[in-house]
Structure formats: structure tokens, C-alpha cells
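Student: Provided herewith is a single structure, encoded as C-alpha cells, for subsequent inquiry.
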Amino acid sequence: MRALLTSLMLPVLFSCNGDGSGKMNLYTIEDDIELGRQLRDDIASDPETYPVLSETQYAEAYAHLYEIRDTILASGAVTHADDFDWELRIIHDDETLNAFCAPGGYIYVYTGLIKFLSHEDNLAGVLGHEIAHADLRHSTQQLTQAFGVGVLFAILTDSDPGLISQITEALLNLSFSRSDEREADEASVDYLCGTSYAADGTAGFFEQMEGFELPQFLSTHPSSDTRVEDIIEYATTLECDLTLNPDANYQALIDALPE
């Protein structure tokens, strides 16, 4: 049935995202979810490359991250808050400053990024930014351009299972357009505005990166020279609170991770 439905969709070629952006995307919300699940399973099958921490063994760390996630989803600004599962996984790699969100809302955060940041608000900003890429469906737009229609349909219909590893690697190295990055930055502000977190949390991350060699997270996320200023200006225009959350105990999250 899945293959039949997919073949019927082929003549349509592209359909609107349905988010009012006017951008075109071949895939439905259900396709995003299915692709995300396959990416999740592919990552889980390769613990050497992706050493995901056990949710049972590191329950405190996961609970802390899920609390941040839930705060973002409860903002009322996430379009697909109720459509995606928004599963969260922590990858044990202290050398990598990275986070990404697969299509369908599968969120991955590296321990290196958590330990690098100084404030929980900055992590909330990064999570909001990555959630925005999935919520705005940027990934499937970019993957469609990179791999073409036939390849992605082969994955969604399980006709060529070997391709999923290529998609996983591509996801980790996606270079979003400056327009997509600006949208994700602004969406992160929208998500955090009105929460207990500083709405410009993402800007704080970029400020902390000053003087450091650009990590993969930045090298695959092109930035303008005024990115920090643009985020702060947008948050100020919306009259959001830019005060760091005084109740956040970020050190507790760091302490809950393996050394």
C-alpha cells in the first residue's frame, strides 16, 4: 500500500509545505516522520559512530533535556508540536560541538556541546534552532535537492535499504541556506519568547564561539557577520525577555553526563 500511494504521488512532483511559507516540498508530514524513523534506526544500529547514551543509565540527564524540550513545545509556536514524536537522544562525544534534528522531530545532542555551553538558556536556544529546522521542514527540502526525487522515494519505500546510511551522513553535513538559517534563528526566538529562558539563547551560543575554531556545527550552518545582532534585534522587536533564567541549574545536567 505504501509503495502504491507513493507511486500515485510521483506525478504531483511538489506540494506546498502547508506552513504558509510558500516553499515547495515533495514530501508529506507522514513522509518526514517515516524518514526520521529510518534515520533514527540507522543511527541506533551504529553505536561505534553514534554512541548514544542509555536513557535508563542516564535518566537524570535525559529528564533535564526533555524538560527543556517540553518547554519549547509548550510555547504554542511550534507548528508540528503535536505531529512529530520529538524523541531526544544524547550522543557521547565530548570532542564534537554539535546538535541536529532529523525530519519528523528526532533530536540529537552531543555531550561536547552540552559541556561547552555556559548557560541552559544557550542550550535551549540551540535546541530551538534545531527543532525549527524540522518544524519548518528544511531538511527534507535540502535532502530532496541533494539526492533527487528517486533516491528519497527508494528510501521511503524500502526498495534500497543501503541508501539510508548515506542520508544519515548527509543529514550531519547539511548546509542550510542563509534564508533557512535566518528562519530557524527567528523561530528559536519565537519558541523561547514568553518562556523562562532568554529568547536570544541562540545568540549566546555564537557569542561563546568567538575565539574558537569553528566546529562542525558552525561549518555546516553558514552564518552572516551580523547573526548575533540580528537575533537580539528580532527578540527585542518582539519585546521578549533577554534575561538568563535564574532558576536553571545547568551544572546539574553536566554532572549527570559521563566524564
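Student: Could you go through region 171-187 in sequence order and give the Karplus-derived ³J(HN,Hα) for each residue, using 6.51 cos²θ - 1.76 cosθ + 1.60 with θ = phi - 60°, rounded to whole Hz, and x for Gly and Pro?
Tutor: Values per residue, Gly and Pro as x: 4, 6, 10, 4, 10, 5, 5, 4, 5, 5, 5, 5, 4, 5, 4, 5, 5 Hz.
Student: What list of ³J(HN,Hα) values in whole Hz, one per residue of region 53-62 in order, does the Karplus curve 6.51 cos²θ - 1.76 cosθ + 1.60 (θ = phi - 60°) give from phi, with Gly and Pro shown as x?
Tutor: With coefficients 6.51, -1.76 and 1.60, one gets 6, 5, 5, 6, 5, 10, 4, 5, 5, 5 Hz.
Student: For residue 198, enumerate residues with amide H under 5 Å from its amide H, sequence gap 5+ or separate chain, H modeled in the peptide plane.
Tutor: 245
Student: In what sequence, highest mean first, do 162-168, 187-193 appear when ranked by Cβ atoms within 10 angstrom?
Tutor: Peptide ranking by packing, descending: 187-193, 162-168.
Student: What ranking, highest mean first, results for peptides 102-115, 41-54 when packing means the other Cβ atoms within 10 Å averaged over each residue?
Tutor: 102-115, 41-54
Student: Order of 80-90, 127-137 by packing, highest average Cβ count within 10 Å first?
Tutor: Highest mean packing first, the order is 127-137, 80-90.
Student: Evaluated at 4 °C with a viscosity of 1.567 mPa s, what Stokes-Einstein diffusion coefficient in µm²/s does region 70-203 have when Rh comes from the Kirkwood expression over alpha-carbon pairs?
Tutor: Approximately 84 µm²/s, per Stokes-Einstein.
Student: Now for a different question. Please report the net charge: other residues with Cβ closer than 10 Å to the Cβ of residue 122, K and R +1, D and E -1. Could the numbers behind the result be given before it?
Tutor: Working: positive: none; negative: 120, 121, 200, 207.
For residues surrounding residue 122, the net value is -4.
Student: Please compute the net charge surrounding residue 99, taking Lys and Arg as +1 and Asp and Glu as -1 over other residues with Cβ under 13 Å from its Cβ.
Tutor: Working: positive: 69, 89, 115; negative: 93, 130.
Net charge around residue 99: +1.
Student: Another question, if that's okay. Expected output is a single nm value to one decimal: the length gained when fully extending between residue 249 and residue 48, i.e. 0.36 nm times separation in residues minus the C-alpha distance. What is it?
Tutor: Numbers: separation 201, 0.36 × 201 = 72.36 nm, distance 3.10 nm.
Difference between extended and current length: 69.3 nm.
Student: List the residues, sorted by chain then number, that are 5 or more residues from residue 52 or on another chain and whose placed amide H is less than 5 Å from its amide H.
Tutor: Distant-sequence amide H within range of residue 52: 92.
None of the figures in this text is laboratory data; all of them are computed from the coordinates on show. Please read all numbers here as calculations on a predicted model, not as lab measurements. In this analysis, Cβ positions are derived from the backbone assuming ideal geometry, glycine residues included, and neighbour counts consider all displayed protein chains.
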